[in-house]
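These notes are about the structure you will find just below.
All of the numbers you see were taken from the coordinates with simple rules; none came from a lab. Fair warning: this is a prediction, and the values are worked out from it, not measured in the lab.
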Amino acid sequence: MSGTGQPGGLVSFLPFAIILGIFYVMILMPMQKRQKKVQEFQGALKVGDKIITTSGIYGQITRVNDKSIQVQIADKVRIEIARASIGGYQGQEPVVPDTNS
């Protein structure tokens with residue numbers, strides 16, 4: 001009586017593959033799109049842009065380096081910050097998602 005045997009290996013793997021596919025489409029794809037958008041934004045920063053940092057500091061870019069940016073936050077007050085800490089342009093929706101919530 002061979003009718004009560006185990007299902008094939010491929011059939012038992014199918015639900016796992018479907019769950020992985022759903023996980024990829026619902027979680028990983030949007031994260032990759034958001035990360036690409038952030039990288040494009042940070043790569044396009046230029047002198048004169050009015051920005052806000054992820055910590056809430058408003059300023060204007062005065063110098064751009066590979067890894068850091070100099071921002072003027074008041075008259076004759078300039079700070080050097082990491083590119084990754086730029087959250088977005090002043091008056092617009094933040095590009096970098098808030099990681100505190």
Worksheet, complete the sentence: Counting sequence-distant residues (5 or more places) and residues on other chains, those with an amide H built under 5 Å from that of residue 68 are 83
Discussion item. Straight-line reach from residue 33: which lysines fall under 25 Å, measuring Cα to Cα and dropping same-chain residues less than 8 apart?
Written reply: 46, 50, 67
Worksheet entry | Other-chain or far-sequence residues with amide H under 5 Å of residue 87's (modelled H) | 52, 53, 54
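Want the number for residue 24 to residue 62: 0.36 nm per residue separation, take away the alpha-carbon distance, what's left? Write out the running numbers ahead of the final one.
Numbers: separation 38, 0.36 × 38 = 13.68 nm, distance 4.03 nm.
Stretched out fully, the residue 24 to residue 62 stretch lengthens by 9.7 nm.
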